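In what follows, a structure is listed as structure tokens, so that the remarks can point back to it.
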Amino acid sequence: MSQAMLQVKTASKHFLGLKAVDEVSLLVHPGEIVSIIGPNGAGKTTFFNLLTGQLAPTSGEVLFEGQAINHLPPHARARLGMGRTFQISKPLIALTALENVMIGAFLRDAPLSVARDKAMAVLEKVGLARLAMRRAGDLTLSERRRLEVARALALQPKIMLLDEVMAGLNQSEVGQAIELLQGLHAQGLTFLIIEHNLKVVRAFSERVVVLDRGRHIAEGSADDILNSPAVIQAYLGDGHMGKGGTDVQPISTGARP
Ligand SMILES: Nc1ncnc2c1ncn2[C@@H]1O[C@H](COP(=O)(O)OP(=O)(O)OP(=O)(O)O)[C@@H](O)[C@H]1O
Ligand SMILES: [Mg+2]
């Protein structure tokens, strides 16, 4: 198989006594779509933060295209080709959609006019071109999620890490978002996604990794994993599955205030 795009070697993150991520290893190859699922508090977002540099691991190593990147800050990892969205998106609400995306484009292209053209092309790609001049604060939730994807795309990533980018969307918006991601995947983008909506996991991912209380407890095809007793136990076992549900299985919504 080709060289891994992303390799995580027994990464851990401890917050005082809490093992938020506990010796998790992972390989993502170019062109793959890998989903990470797990109950609320399983350590999924913390794991992402170790990959994109918002947090330093307590132990373990992260490699991107064979290069050790533990020492690199987030912007340097973004330049290498790691794009991500955040569970709690923070667009600059007073700026327009276009300006928000231009900020990402600037990291790659210094001249204003080039950054503007690139940003416009990205907005086109995610279906937001007609809202380019709208203030980010005036966008709907679903439009804001697209904007979040657009901001990450403006950095021309090789891999996109999406942290619950579907949370709070209605069924038809989820369908449109899956279409968008499938289109980007067809153009060569690799995906690592945290997703609570198991319909999305089934429809979109080639491989699923399950985290529970910081540990990697299962990995396999979407069908195998979503039918696995260990996974069902992790969600339903002892009342730490979180609130809400999807129409696929009782599972947390992932929604945050
Ligand atoms: N900065 C921090 N300081 C202390 N504890 C933290 C910190 N960040 C996360 N935690 C704790 O680490 C654990 C994992 O949190 P994390 O946000 O990674 O879970 P998650 O799987 O993303 O959950 P959710 O599905 O609710 O988004 C939780 O118990 C959380 O309270
Ligand atoms: Mg999270």
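Number of residues in region 52-66 that are touching a strand residue (DSSP E or B) at 6+ places or on another chain (Cβ under 7 Å) and part of a loop (DSSP other than H, G, I, E, B): the value is 3.
Go through the residues of region 25-37 one by one and say whether even a single one is part of a strand (DSSP E or B), acidic (Asp, Glu) and away from ligand 2 (no atom under 13 Å from the Cβ). Looking through region 25-37, none of the residues is part of a strand (DSSP E or B), acidic (Asp, Glu) and away from ligand 2 (no atom under 13 Å from the Cβ). Filtering GLY127, GLY60, GLY83 for residues that are of a type outside the set (Ser, Thr, Tyr), touching a residue at least 24 places away in the same chain (Cβ under 8 Å) and within 16 Å of ligand 1 (Cβ to nearest atom) leaves a single hit, GLY60. Only residues that are within 16 Å of ligand 2 (Cβ to nearest atom) and assigned to a loop (DSSP other than H, G, I, E, B) were counted across region 67-106, and they come to 6.
For region 84-103, the tally of residues that are at pLDDT 85 or above and either among the β-branched types (Val, Ile, Thr) or in contact with a Lys or Arg (Cβ under 8 Å, 6 or more places away or on another chain) (or both) stands at 11. Scan region 172-200 for residues that are within 16 Å of ligand 1 (Cβ to nearest atom) and either of a type in the set (S, T, N, Q) or more than 24 Å from GLY43 (Cβ to Cβ) (or both) and the total you get is 1.
With respect to the conditions (1) modelled with pLDDT under 95; (2) in a loop (DSSP other than H, G, I, E, B), ASP117 falls short on a single one, namely (2). Can you name the residue in region 20-54 that is of a type in the set (D, E, K, R) and more than 9 Å from ligand 1 (Cβ to nearest atom) and is also surrounded by the fewest Cβ atoms within 10 Å (Cβ to Cβ) among such residues? For region 20-54, the residue satisfying everything is GLU23. Tell me whether region 157-171 contains one or more residues that are farther than 26 Å from THR45 by Cα, free of Cβ contacts under 8 Å to residues at least 12 places away in the same chain and in a helix (DSSP H, G or I). Within region 157-171, none of the residues are farther than 26 Å from THR45 by Cα, free of Cβ contacts under 8 Å to residues at least 12 places away in the same chain and in a helix (DSSP H, G or I).
Annotation note: of PRO91, PRO57, the sole residue that is under 25 Å from MET166 (Cβ atoms), within 22 Å of the chain's Cα centre (by Cα) and surrounded by 13 or more Cβ atoms within 10 Å (Cβ to Cβ) is PRO91. Selection of region 120-145 for residues being over 19 Å from the mean Cα position of the chain (by Cα), part of a helix (DSSP H, G or I) and under 20 Å from ASP163 (Cβ atoms) yields only ALA136.
When the residues of region 148-164 are filtered to those that are over 15 Å from LEU51 (Cα atoms) and within 16 Å of ligand 2 (Cβ to nearest atom), the one that is surrounded by the most Cβ atoms within 10 Å (Cβ to Cβ) is GLU164.
Within region 172-209, the residues that satisfy the criterion of being away from ligand 2 (no atom under 16 Å from the Cβ), within 22 Å of GLU219 (Cα to Cα) and part of a loop (DSSP other than H, G, I, E, B) are LEU189, SER205, GLU206.
Any residue that is out of contact with any Leu (no Cβ under 7 Å at 6 or more places or on another chain), in a loop (DSSP other than H, G, I, E, B) and modelled with pLDDT of 95 or more - is there at least one of those in region 214-237? Yes; the residues of region 214-237 include at least one that is out of contact with any Leu (no Cβ under 7 Å at 6 or more places or on another chain), in a loop (DSSP other than H, G, I, E, B) and modelled with pLDDT of 95 or more.
The values are calculated or read from the model by the stated rules, or taken from the named source; none is laboratory data. Since the model is a prediction, treat every value here as computed from it, not as a measurement. For neighbour counting, all protein chains shown are included, and Cβ atoms are generated from backbone atoms with ideal geometry for every residue, glycine included.
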